[in-house]
Amino acid sequence: MHHIVSEDDIIVDSSTIKSNTISLTAKMIFVLICACNMVQNAIVGGSNNAIMTTLETGFYMTSTETGLFQSVYELVAIFTYPLVGYFGDRSGRKVRWISISMGILAGGFLVMSFPHLLESKRGKPPLDPRIVDHLSLCNPNRTINVCTISNNLRFLSDLKYVFYLSNIINACGSAALPTLAVTLIEDLFPPEKAPIAQGIFYAIGGIGIGLGFLATSQFLKVYTYIKKPLWLTPVYSEWVGAWWLVYALGTCISLILCLFLCIFDIGDRRSKYLIQQKDTQNALNPSYLLLSPTKNTGKEVTASDRVLFSRTSSSTTNLSSSANVVSNEYLDDEIIVPVDTSNMTCSTTTTFTKLKEFLDDVFSLIRHLLLNLRFMGITCCAIIEALLIKGYLAFLSKHIEYQFRTTSSHSSVYIGVISLFSVIFGTPLGAFCVKRFDMNGRQCAKFCCIILAISAVIFLGLMLHCREPTIGTTHSMPVISTPFDDDFYDEPVIQADLIDKPCEETCRCDMNIYEPVCDMKNRKTYQNPCLLGCKRILKGQYTDCLCLPRNSTVFVGRCKERKCTINLMITLCGAFIVVFMSCCVIVPALKCVLHSVEPTHRAFSLGFKSTMTKTFGYLPGTILFGAIIDRTCKTWVRGTCGFKYQCKHYNNKRMAISLALLGCGFRSLSALFCAISWYAYIRKPDLQEKKRTSRQHSQSLMPELTETVDS
């Protein structure tokens, strides 16, 4: 039986205290940080990916520029994640850091919506039906073109720098969640419940990504301005959805969460709560001893005289000014001894010395992690997975949109549903397996290796594709696919001065306009209705086309040469299985990382791992996948006013095969790195496995000791 001394000098039996009791404050903090994780993932992981094609249309951004929009977030996060993890962990006030982070995120979301306000004041020309008819329909007396009425398009293109600034702010505000929030869960919950809580935390983050896609898809169905022409619908290329509404909503929610975190747990109130939790742990730990108060000082032990000392002198300790308590938050081997704190003084050091000590500590920890094969195996796996996931999430919506000829809102719905249900069932399943089978680091590495190897084979099922339609530049000549040489993108395929045609010269068509129309009789798609000599449009149907027989039907949009519903369903099911298996390994991989390092290094190791994954995974992921998708382009047309080129027609078969082989290769490489970590765990077991072996050995010796004492 173990006893502790309370502040009222009352002896309390520690056996009456329940170790698994979680206070209401801890539950509220957990709920709030889960809500913060959902909002951050919904905007940064969901909405930012769902609006990429919308930004290209509304602000005349190229795929390279939208890819840079994604990469600038990862570039800034490389530096902010480890710094926030280090200083936030040393300060001890993790909840306060998370609260400040949500305030920064609110500012980043607000900046993201600024381009809409600037766009409404200056930039996009009004979509007047008469102007649109004058540009896209056959008109021999044409006197203006797109460049004539759109003299502010360069201004719209320059607004991309505001988007970059927004993601820089978001990267600073997001740093506390994957580092401090994860370690905070370890502090709030007992060891046997922490994996489940972490699984819920990551599952809610994944749910946030799915909800971000779904919410953005609904906003994209609404026109970006309050007033719109009656003829304008989402099927038109001029349609730009209300992408900015989701960022305005995210700003409000982030501010509310910031205020709630400030109210529930900051400053002294949080310190008292942690001291209370620490005292409870001390009471239940048989390694704590209460020494006689008269042996050293000759006076009673008071709350102000209690100091926690570690038997490991090399460990770092934190001083709590509220109760004069020096505590080691990570080590369980602690004793309570009375000391006289009246003569304690704080030593002062120069700024240079502190900086040198800080750098020495950081470089020493980095060297220790780089030589840790268990940690580096899982970290390299995380790098490959980050590269794969970031690239697919950034361009999967565009892939589905062009591959199966869906709208931007529909493709966002598909991705949102896949992400939502995969995370809802996948992440908790992985956490359940860890708890149910009481997995240690070695078993978690083995589990991740098997799951990733199976999903690598399923990636090959994503080779299914739909045949792309033929795009015509005249009423009689289709576009010829470009050769896939090194400089095929230097010149556009469609150029007005290279086309020999009778109707286009009469109509004075503007080849800067890309508004595909379908000739239902010939089942061919053309670049714009002017090429067919169409003079009128009514409810999405063009009439009076000079280059077609009378009573011919021409509709807005590309021709669907054949139904591709089955391939679409199979592809979506395969994508669901792949994402589901990816979610299953989140918690096992996290536990594998946490058990591969010393407890005092966990926060820094998570920050270092995040830096590595962002530097070599997230950062080049969008650039790599964007380059691969660009290599599958068949038709490059001159951009608006001739200063840009845009791909309007892709080789669907080449795109599907390229992405499937790339995914299979990267996923196989991830499984290989997990196998390396698994092998390292076999050679050097983790601390949990050592404790389990020692406990089993002690239990086996207890009957023998009992018999010896009885005899």
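What follows is calculated from the coordinates using simple rules that are stated; it is not laboratory data. A quick note: this is a predicted structure, and the numbers were derived from the prediction, not measured. Glycine also receives a Cβ, built like all others from the backbone with ideal geometry; neighbour counts cover every protein chain displayed.
Counting other Cβ atoms within 10 Å, which trypsin sites (Lys or Arg not before Pro) in segment 562-632 have at most 14 and lie in a DSSP loop?
Within segment 562-632, the qualifying trypsin sites (Lys or Arg not before Pro) (loop, at most 14 other Cβ atoms within 10 Å) are Arg562, Lys563.
What ranking of Val162, Val246 emerges when the number of other C-beta atoms within 10 Å of each C-beta is taken as an exposure proxy, fewest first?
By the 10 Å Cβ count, ascending: Val162, Val246.
Neighbouring Cβ atoms within 10 Å as the yardstick, rank Ser677, Ser47 fewest first.
Lowest count first: Ser47, Ser677.
Run the quick spin-label model on Phe352 and Tyr161: label points 7 Å from Cα toward the beta carbon, then report their separation in nm to one decimal.
That separation, rounded to one decimal, is 4.0 nm.
Computed on alpha carbon atoms, what radius of gyration and Dmax characterise segment 383-457, expressed in Å?
Rg, Dmax (Cα atoms, Å): 15.8, 47.
Quick one: order Met569, Met612 by neighbouring beta-carbon count within 10 Å, fewest to most.
So the residues, fewest neighbours to most, are Met569, Met612.
Which of the pairs Lys94/Lys446; Lys390/Lys446; Lys221/Lys521; Lys524/Lys653; Lys354/Lys614; Lys435/Lys591 have their Cα atoms more than 22 Å apart in this structure?
Over 22 Å apart, Cα to Cα: Lys94/Lys446; Lys390/Lys446; Lys221/Lys521; Lys354/Lys614.
What does the charge add up to near Ser71, with Lys and Arg as +1, Asp and Glu as -1, over the other residues with Cβ less than 12 Å from its Cβ?
Value of the local net charge: 0.
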